[in-house]
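Below is one structure; the comments refer to it alone.
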Amino acid sequence: MSRIGILPFSHFVGADKVVGSSFLRAEGIANNAADFEIWKQGKKYDGLIFQKVYWKEMMQLFKGPKILDLCDPDWLNGSVNIIEIGNLADAITCSSEALTAMVKKMFRRKIVIHIPDRLDFNSYPAPKIQHNELVKNVVWFGFIKNAYETLNQFAAIIKEYNLKLTIIADQPYSQPDAIYQLQPTYIPYNRQTVYTLLKDHDVVLNPRSAKVSFKYKSNNKSVISWKLGLPVAETADQLRKLFMLHERINEANKKQLLVTQQYNISRSIAQYRSIIEEINRVKPINCYSL
């Protein structure tokens, strides 16, 4: 059996940092497939997946199949030379359809495949079954910098209907705007408790942004919410529609089925295996210990 090492972004930014992409795209794979594991220095591997890791020297030295896994267009801010790094990889995987389309234009002769953020179902509690008659509690979760960019579009409707807003994030909401004036409840993000806490709410808010980089983001926050049996509102109009109990129940049921069918981590594992097989058809395996 081959052994594929995954180099997670979280490993290179500090183990104590909460990194959702590494939890979903590295740990989720490694915890559910015997032939994949989190990379360890000095071990021999038949292939490597660089999960948002732009390690030029390692890519140059390792002779086996190399997959560059992208979840953000980091090159837009000039932090990485994507052409140089991408050309060192045998294949590129992307977490969103928009990002995949962009990367395909840059690497027309390379394997570029969309692998969505999928879930290890064992990491999540049972979905919410009982929904309240009225919407009273809404919640947003993620990195606070993204809340500053997007959440203000919900301020008016939250105030109009006197809803309670909870923000589960890495920092309290401190930007002086309409959301701040609502005095939202802040709960520090903790992966061990966040999913259970989310279920205490009626609707998850996941607004989009007109900012260029947001169009390339994964839908993982919505997928996680759907797995937990929670309806998701991306706009104030969607939230208003979800005030009706039957709409929330129908939305929750429909999206739970979608998650079951399309977002099990086993589908991602199968995709990575298929990509590695394709690479090996034109490139022989050469284990390299680093």
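Kindly list, by first and then second residue, each pair from a residue in segment 170-195 that is over 30 Å from Asn122 (Cα atoms) to a residue that is of a type in the set (Val, Ile, Thr) and not in a loop (DSSP other than H, G, I, E, B), limited to pairs with Cβ atoms under 7 Å and residues at least 6 apart or on different chains.
Tyr173/Ile144; Tyr173/Ile167; Tyr173/Ile179; Leu182/Ile158; Pro184/Thr166; Pro184/Ile167
Kindly indicate the residue of segment 45-81 that is of a type in the set (A, V, I, L, M, F, W, C), touching a residue at least 24 places away in the same chain (Cβ under 8 Å) and within 18 Å of Ser213 (Cβ to Cβ) and also surrounded by the most Cβ atoms within 10 Å (Cβ to Cβ) among those meeting that condition.
Leu70
Just one of Ser213, Ser209, Ser218 is assigned to a helix (DSSP H, G or I), polar (S, T, N, Q) and not assigned by TED's automatic domain parsing to the domain that holds Leu99; which is it?
Testing whether each residue is assigned to a helix (DSSP H, G or I), polar (S, T, N, Q) and not assigned by TED's automatic domain parsing to the domain that holds Leu99 leaves just Ser213.
Suppose the filter is of a type in the set (Ser, Thr, Tyr) and in contact with a Phe, Trp or Tyr (Cβ under 7 Å, 6 or more places away or on another chain); does Ser79 pass it?
no
Inspect all residues belonging to segment 207-217 and state whether any of them is in contact with a strand residue (DSSP E or B) (Cβ under 7 Å, 6 or more places away or on another chain), surrounded by 18 or more Cβ atoms within 10 Å (Cβ to Cβ) and of a type outside the set (Asp, Glu).
Looking through segment 207-217, none of the residues is in contact with a strand residue (DSSP E or B) (Cβ under 7 Å, 6 or more places away or on another chain), surrounded by 18 or more Cβ atoms within 10 Å (Cβ to Cβ) and of a type outside the set (Asp, Glu).
Take the residues of segment 272-283 that are at pLDDT 95 or above and surrounded by fewer than 16 Cβ atoms within 10 Å (Cβ to Cβ): which is nearest to the chain's Cα centre (by Cα)?
By that ranking, first place goes to Ser274.
Could you identify the single residue in Ile113, Ile158, Ile85 that is touching a strand residue (DSSP E or B) at 6+ places or on another chain (Cβ under 7 Å), in a helix (DSSP H, G or I), farther than 23 Å from Lys199 by Cα and not polar (S, T, N, Q)?
Going through Ile113, Ile158, Ile85 in turn, just one is touching a strand residue (DSSP E or B) at 6+ places or on another chain (Cβ under 7 Å), in a helix (DSSP H, G or I), farther than 23 Å from Lys199 by Cα and not polar (S, T, N, Q): Ile85.
How many residues are crowded, with 16+ Cβ neighbours inside 10 Å, among the hydrophobic types (A, V, I, L, M, F, W, C) and assigned to a loop (DSSP other than H, G, I, E, B) if we restrict to segment 116-145?
1
Report every pair of residues separated by at least 6 positions or lying on different chains whose Cβ atoms are under 9 Å apart, first residue within segment 97-109 and within 14 Å of Leu68 (Cα to Cα), second surrounded by fewer than 19 Cβ atoms within 10 Å (Cβ to Cβ) and basic (Lys, Arg).
Partner pairs satisfying both residue conditions: Leu99/Lys215; Val103/Lys110; Lys104/Lys110.
Of the numbered conditions (1) outside any helix (DSSP H, G or I); (2) in contact (Cβ under 8 Å) with a residue 12 or more places away in the chain, Ser268 fails exactly one; give the number of that condition.
(1)
Determine, yes or no, whether Leu99 is modelled with pLDDT of 95 or more and within 30 Å of Thr166 (Cβ to Cβ).
yes
Looking only at residues that are in a loop (DSSP other than H, G, I, E, B) and of a type outside the set (Ser, Thr, Tyr) in segment 88-102, which one is surrounded by the fewest Cβ atoms within 10 Å (Cβ to Cβ)?
Per the criteria, the residue is Asp90.
What are the pairs with Cβ atoms under 7 angstrom where one residue, in segment 124-151, is closer than 17 Å to Pro188 by Cα and the other, located anywhere, is aromatic (Phe, Trp, Tyr)? Sequence gap at least six, or different chains.
These pairs meet every condition: Phe141/Tyr189; Ile144/Tyr173; Ala147/Trp140; Ala147/Tyr173.
State which residue pairs qualify: first residue over 10 Å from Gln51 (Cβ atoms) and among the basic types (Lys, Arg) and inside segment 8-25, second residue assigned to a helix (DSSP H, G or I) and modelled with pLDDT under 60 in any location, beta carbons under 6 Å apart, and separation of 6 or more residues or different chains.
Pairs found: none.
Kindly indicate whether Leu151 is at pLDDT 95 or above, of a type outside the set (Val, Ile, Thr) and assigned by TED's automatic domain parsing to the domain that holds Lys215.
yes
Keeping to segment 81-111, report how many residues are within 16 Å of Ser218 (Cβ to Cβ) and not polar (S, T, N, Q).
The number of residues fulfilling the criteria is 8.
Yes or no: Lys105 part of a helix (DSSP H, G or I) and outside the structural domain of Ile279 (by TED's automatic domain parsing)?
For Lys105, the condition - part of a helix (DSSP H, G or I) and outside the structural domain of Ile279 (by TED's automatic domain parsing) - is not met.
When you check Ala156 against the structure, is it over 30 Å from Asn122 (Cα atoms), at pLDDT below 95, of a type outside the set (Asp, Glu) and surrounded by fewer than 18 Cβ atoms within 10 Å (Cβ to Cβ), yes or no?
no
The values are calculated or read from the model by the stated rules, or taken from the named source; none is laboratory data. These numbers were taken from a predicted model, which means no experiment stands behind them. Here the Cβ is made from the backbone with ideal geometry for all residues, glycine too, and neighbour counts use every protein chain on show.
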